[in-house]
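Below is one structure, written out as structure tokens; comments come after it.
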Amino acid sequence: MRIDILTIFPEMFQGPFTESIIKRAVAKGLTEIHIHNIRDFAINKHKNVDDYVYGGKAGMVMMVQPIADCILQLTQEREYDEVIFLTPDGELLNQSISNQLSLKKNIILLCGHYKGIDERIREHFITREISIGDYVLSGGELAAAVLADSIIRLIPGVLSDETSALSDSFQDGLLSPPVYTRPADYNGWKVPNVLLSGNEKEIINWNYTKSVERTKQRRPDLLDDK
Ligand code: 6GU
């Protein structure tokens, strides 16, 4: 899978993609991430990418031309399955959206800033708009990193144990059960006996019961959907 990210702050992606699981996915050739600086497509001598909003209100808007030229260059090179704009007024990201997107071949993620981007970009290029939650971030970059991470870890071969993505919280609509590691007794704080029993059936039952219990307590809304 190939992900192209369009941003005016390319340095913000140093870190999220250069560590841990995503780093390994890139090294293994399971995903390609290309960061494009929208400012490289600005044509005037000041390299402007934004301008005053029409209609008088305060604030700057990202201009059509630099973003359009960047997207057009990419779409001339290959076909894209989705051109996604990260925006607080987009559809709320959930595991089902990440699952869908992990099956795509090429996607573009566009990060907005200032008061937003010229509406004509949304009308003519954007196929999907996604928000990562009901709060406001300074820009789309962190949201794009969150979305890319949630997608990339689902690509087959990225996680060392393929079943581990299947047992994630949300993957089956339930939160994960509590987990423990050694020692079995830490100064009197004990690991539940059933987990030490070696009885696989009982352990599966215990994990399921705990998942349901935790979901009922913390996120009853997840059970309502069923
Ligand atoms: Cl995608 N962008 C911004 N700026 N803020 C957000 C967001 C996106 N999702 C939640 N808050």
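What single numbered condition from (1) closer than 18 Å to Ile33 by Cβ; (2) modelled with pLDDT of 95 or more fails to hold for Arg122? Answer for Arg122: the failing condition is (1). If the condition is being under 24 Å from the mean Cα position of the chain (by Cα), surrounded by 16 or more Cβ atoms within 10 Å (Cβ to Cβ) and in contact (Cβ under 8 Å) with a residue 40 or more places away in the chain, then segment 25-60 contributes Ala25, Thr31, Ile33. Taking the criterion of being surrounded by 14 or more Cβ atoms within 10 Å (Cβ to Cβ) and within 22 Å of Tyr135 (Cβ to Cβ), the residues of segment 74-100 that qualify are Ile84, Phe85, Leu86, Thr87, Pro88, Gly90, Leu93, Gln95, Ile97, Ser98.
Determine whether segment 5-28 contains at least one residue that is in contact with an Asp or Glu (Cβ under 9 Å, 6 or more places away or on another chain) and part of a strand (DSSP E or B). Looking through segment 5-28, at least one residue is in contact with an Asp or Glu (Cβ under 9 Å, 6 or more places away or on another chain) and part of a strand (DSSP E or B). When Ala144, Ala148 are screened for being more than 9 Å from the ligand (Cβ to nearest atom) and in contact (Cβ under 8 Å) with a residue 60 or more places away in the chain, only Ala148 passes. Those residues that are over 11 Å from Glu82 (Cα atoms), in contact with a strand residue (DSSP E or B) (Cβ under 9 Å, 6 or more places away or on another chain) and more than 9 Å from the ligand (Cβ to nearest atom), I need them from segment 120-140; list them, please. Ile121, Arg122 - these are the residues of segment 120-140 that are over 11 Å from Glu82 (Cα atoms), in contact with a strand residue (DSSP E or B) (Cβ under 9 Å, 6 or more places away or on another chain) and more than 9 Å from the ligand (Cβ to nearest atom).
Mind telling me which of the residues Glu123, Glu141 ends up being surrounded by fewer than 11 Cβ atoms within 10 Å (Cβ to Cβ) and closer than 25 Å to Ile107 by Cα? So that I can check it myself, show each step before the final result.
Working: Glu141 fails: surrounded by fewer than 11 Cβ atoms within 10 Å (Cβ to Cβ).
Only one candidate qualifies: Glu123.
Residues of segment 3-24 that are surrounded by 15 or more Cβ atoms within 10 Å (Cβ to Cβ) and of a type in the set (Asp, Glu): Asp4 alone. Residues that are touching a Pro at 6+ places or on another chain (Cβ under 8 Å) and acidic (Asp, Glu) within segment 148-181 comprise Asp149, Glu162, listed in sequence order.
Beta carbons closer than 7 Å, at least 6 apart along the sequence or on distinct chains, pair a first residue in segment 102-117 that is assigned by TED's automatic domain parsing to the domain that holds Thr75 with a second that is β-branched (Val, Ile, Thr) and away from the ligand (no atom under 16 Å from the Cβ) for Ser102/Ile155; Ile108/Ile71; Lys115/Val53.
The values are calculated or read from the model by the stated rules, or taken from the named source; none is laboratory data. It should be emphasised that the depicted structure is a prediction, and the values quoted were computed from it without experimental measurement. Positions of Cβ are generated from backbone atoms using ideal geometry, with glycine treated the same way; all protein chains shown enter the neighbour counts.
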